[in-house]
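Written out below as C-alpha cells is the structure these notes cover.
The values are calculated or read from the model by the stated rules, or taken from the named source; none is laboratory data. Predicted, not measured: the structure shown is a model, and the values here were computed from it. In this analysis, Cβ positions are derived from the backbone assuming ideal geometry, glycine residues included, and neighbour counts consider all displayed protein chains. For the accessible areas, the whole protein counts, side chains as well, though only heavy atoms, and no ligand, DNA or RNA atoms are used. Shrake-Rupley method; radii C 1.70, N 1.55, O 1.52, S 1.80 Å.
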Amino acid sequence: MLEQHQRKSRTTTFPQYRKEMKGVGWGYLYNAHKDDDLDPATLEAETARLMADDDVTKKKGIYEYLLTKNEKHLNIRAFTDAQKRTLYERQKGICCSCKNHFEIANMEADHITPWSQGGKTEIANGQMLCRDCNRQKSDK
Ligand SMILES: [Zn+2]
C-alpha cells in the first residue's frame, strides 16, 4: 500500500459540476491543499449555501474561498453610496465608535455583524465609522 490517500482532484472533492468552476486554478489549489481534510459533502453544502448568498458577488471565487478560507475571493458586497448616506444621516455624522463628528468622505461603512458571522450587507446591519476606528476594528 504505497498510496495512503486517495489522490485529490476537482472531481473527487467537488463532484457536482457548476459552470463557475471554469477558469479556477485547480492545479495550483490542489497542490496547496492536497493534505487538507476535505469532506465533499460538507464542501457541497457550503458551495450551495454561498451560491445562494446574494452578498457573495464573485461566485467563481467560492471554490478558492472554501479551500483557502480567505474572504477576499468572494468579493463580499459593499454598502452602496446611498446606504452610506442613509447610515450617515441616521447617526448625524457621529462615528459609532469614538463618538466624534466627521464628514461623510472621512467615514467608512462597516458591517456590525461581520459577513462571516452571518451579517448581511443591509442598513439594519450597517454603521458608519471614521477611518481610524474602522481600521482598528478590522485589525482585531
Ligand atoms: Zn471613530
Report task. Among what's in region 25-64 and is part of a loop (DSSP other than H, G, I, E, B) and within 17 Å of the chain's Cα centre (by Cα), pick the residue that is nearest to Gly119 (Cα to Cα). Result -> Asp55
Report summary line: Of the residues in region 37-47, those that are over 17 Å from Lys72 (Cα atoms) and surrounded by 13 or more Cβ atoms within 10 Å (Cβ to Cβ) come to Leu38, Pro40, Leu43, Glu44
Report summary line: Within region 100-111, residues open to solvent by 80 Å² or more (accessible area, probe 1.4 Å) and either of a type in the set (Gly, Ala, Ser) or in contact (Cβ under 8 Å) with a residue 12 or more places away in the chain (or both) come out as Asn100
Query raised in the report: Looking at region 82-89, is at least one residue assigned to a strand (DSSP E or B), more than 12 Å from the chain's Cα centre (by Cα) and either surrounded by 14 or more Cβ atoms within 10 Å (Cβ to Cβ) or acidic (Asp, Glu) (or both)?
Result: no
Query raised in the report: Does region 121-137 hold any residues that are out of contact with any Leu (no Cβ under 9 Å at 6 or more places or on another chain) and more than 13 Å from the ligand (Cβ to nearest atom), and which are they?
Result: Thr121, Glu122, Ala124, Asn125
Report summary line: Within region 105-115, restricting to residues that are assigned to a helix (DSSP H, G or I) and either more than 13 Å from the ligand (Cβ to nearest atom) or under 16 Å from the mean Cα position of the chain (by Cα) (or both), the one that is nearest to Arg85 (Cα to Cα) is Ala105
Requested in this report: Among what's in region 122-140 and is touching a helix residue (DSSP H, G or I) at 6+ places or on another chain (Cβ under 7 Å) and open to solvent by less than 90 Å² (accessible area, probe 1.4 Å), pick the residue that is nearest to Thr68 (Cα to Cα).
Outcome: Gly126
Requested in this report: Mind listing just one residue for me: the one in region 90-99 that is within 29 Å of Val56 (Cβ to Cβ) and not in a helix (DSSP H, G or I) and, of those, least open to solvent (accessible area, probe 1.4 Å)?
Outcome: Cys95
Requested in this report: Report, by residue number, each residue of region 116-130 that is assigned to a loop (DSSP other than H, G, I, E, B) and at negative phi.
Outcome: Gly119, Lys120, Thr121, Glu122
Report summary line: If we ask which residues in region 69-81 are surrounded by 15 or more Cβ atoms within 10 Å (Cβ to Cβ) and either among the aromatic types (Phe, Trp, Tyr) or not in a loop (DSSP other than H, G, I, E, B) (or both), their number turns out to be 4
Query raised in the report: Has region 37-54 got at least one residue that is within 21 Å of Pro15 (Cβ to Cβ), of a type in the set (Lys, Arg) and touching a helix residue (DSSP H, G or I) at 6+ places or on another chain (Cβ under 6 Å)?
Result: no
